[in-house]
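Data block below; observations after.
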Amino acid sequence: MKHTVNVVASTGGSVSTTPKLEIKMYPVPTNNELTVELDAIKNYKISIFNSLGQNVNLHPTIIALNKVTFNTQGLSDGIYFVQFRNNEIKESRKITVTH
């Protein structure tokens, strides 16, 4: 059986997989806490989602200039996504939690 795929070019926008933000997250994999460093971090809403897309409602335990730390002891082992969002940018990074 033959399949035909038609590709249509569009000038309406572009998709970029290049990260826009310079984010440092450590340690990865993480076990008890995750530290995130980002310039102007206070301008971003940071959310953490499990692999099912559910928000795990973690709040930073330590907040410093351009750095926040999350306590991950209560998370089950697995893959999570840390989302950074403001009015202009929405970007996610993957982390692994292992205890």
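Coordinate-derived values only; no laboratory data. All figures in this text were calculated on a predicted structure; none of them were measured in a lab.
Some values worked out for this structure:
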{"quantity": "Segment Ala40-Arg93, length gained on full extension (0.36 nm per residue, minus Cα span)", "calculated": "17.3 nm"}
{"quantity": "Ratio of the Cα radius of gyration of segment 12-99 to 2.2 N^0.38 Å, where N counts its residues", "calculated": "1.09"}
